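First up is the structure itself, then whatever we jot down about it.
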Amino acid sequence: MRVFRILPVLLFVIMTACNSDGERKSLINEIESLEAELYADSLGPVDRQMAQEMITAYDDFTNAYPGDSLAPEYLYKSSEIAMNLEMSGRAVEGFRKIMNNYPDFDKVPLCLFLQAFIYENQMQQYDEAKKLYREFLEKYPDHDLAEDALVSIQNMGKSLEELIKSWEAGE
């Protein structure tokens, strides 16, 4: 008798798990299809509408499955596309979310650097950019981008003319 009471609950759990896995696979298939279409013409201009759809698809997945191993990668890709579309606030928010929610993700150093880059180059918020570049240098002094961060701090806010003069002077 007890088995008959547990059986419906067990069936419900199995069906829910299967449905959830089906939804996950469906989202992944949608993402892969959009990626193939978006990146098919690497030489042509980016289709902004498709890029927006790509951001939405990545975000749908990461919101539905935040603990999934693909979530930080999809959030990174979403943030990278947002950065390239100059959706600066959205990009910074995504990179910050990766750092806070996925501290072991291998691209965390890059997320910090890209936030500084966005503040410097897209938002012209130099104080915030310098703060983040310095944080990057403190946390990742041996990273491949450490010298870039240092050069950015040294040259931030300078005009092209000023940069040329300093390079000619050997600074």
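The values are calculated or read from the model by the stated rules, or taken from the named source; none is laboratory data. Only a predicted model underlies this, so the values are computations on that prediction, with no experimental measurement involved. Here the Cβ positions follow ideal geometry from the backbone for every residue, glycine too, while neighbour counts run over all protein chains shown.
Please determine, by comparing only the residues of segment 1-37 that are more than 15 Å from TYR74 (Cα to Cα) and either touching a helix residue (DSSP H, G or I) at 6+ places or on another chain (Cβ under 8 Å) or not in a helix (DSSP H, G or I) (or both), which one is modelled with the lowest pLDDT.
Only one residue fits best here, namely MET1.
Would you tally the residues in segment 137-168 being assigned to a loop (DSSP other than H, G, I, E, B) and aromatic (Phe, Trp, Tyr)?
Total satisfying the criteria: 1.
For segment 71-86, what are the residues that are under 12 Å from the mean Cα position of the chain (by Cα) and of a type outside the set (Phe, Trp, Tyr)?
The answer is ALA71, PRO72, GLU73, LEU75, LYS77, SER78, SER79, GLU80, ILE81, ALA82, MET83, ASN84.
Listed here are the residues, each with its yes/no results for (1) at pLDDT below 95; (2) touching a Leu at 6+ places or on another chain (Cβ under 7 Å); (3) among the hydroxyl-bearing types (Ser, Thr, Tyr).
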{"site": "GLY44", "(1), (2), (3)": "yes, no, no"}
{"site": "TYR65", "(1), (2), (3)": "no, no, yes"}
{"site": "LEU70", "(1), (2), (3)": "no, no, no"}
{"site": "LYS77", "(1), (2), (3)": "no, no, no"}
{"site": "GLY89", "(1), (2), (3)": "no, no, no"}
{"site": "ARG96", "(1), (2), (3)": "no, no, no"}
{"site": "TYR102", "(1), (2), (3)": "no, no, yes"}
{"site": "LYS107", "(1), (2), (3)": "no, no, no"}
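Condition check ((1) within 24 Å of ILE81 (Cα to Cα); (2) among the small types (Gly, Ala, Ser)) across all residues:
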site	(1), (2)
ASP104	yes, no
ALA116	yes, yes
TYR126	yes, no
ALA129	yes, yes
TYR133	yes, no
GLU138	no, no
ILE153	no, no
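Among the residues of segment 121-141, are any touching a Ser or Thr at 6+ places or on another chain (Cβ under 7 Å), surrounded by fewer than 20 Cβ atoms within 10 Å (Cβ to Cβ) and of a type outside the set (A, V, I, L, M)?
yes
Tell me, which helices (runs of 4 or more DSSP H) wholly within segment 43-128 include 2 or more residues that are of a type in the set (D, E, K, R)?
Passing ranges, in order: 48-64, 71-84, 88-101.
Just the residues that are under 19 Å from VAL92 (Cβ atoms) and aliphatic (A, V, I, L, M), please, taken from segment 138-157.
Residues satisfying the conditions are LEU145, ALA149, ILE153, MET156.
Go through (1) farther than 22 Å from ALA57 by Cα; (2) surrounded by 12 or more Cβ atoms within 10 Å (Cβ to Cβ) one by one and return the number of the condition PRO103 breaks.
Result: PRO103 passes all but (2).
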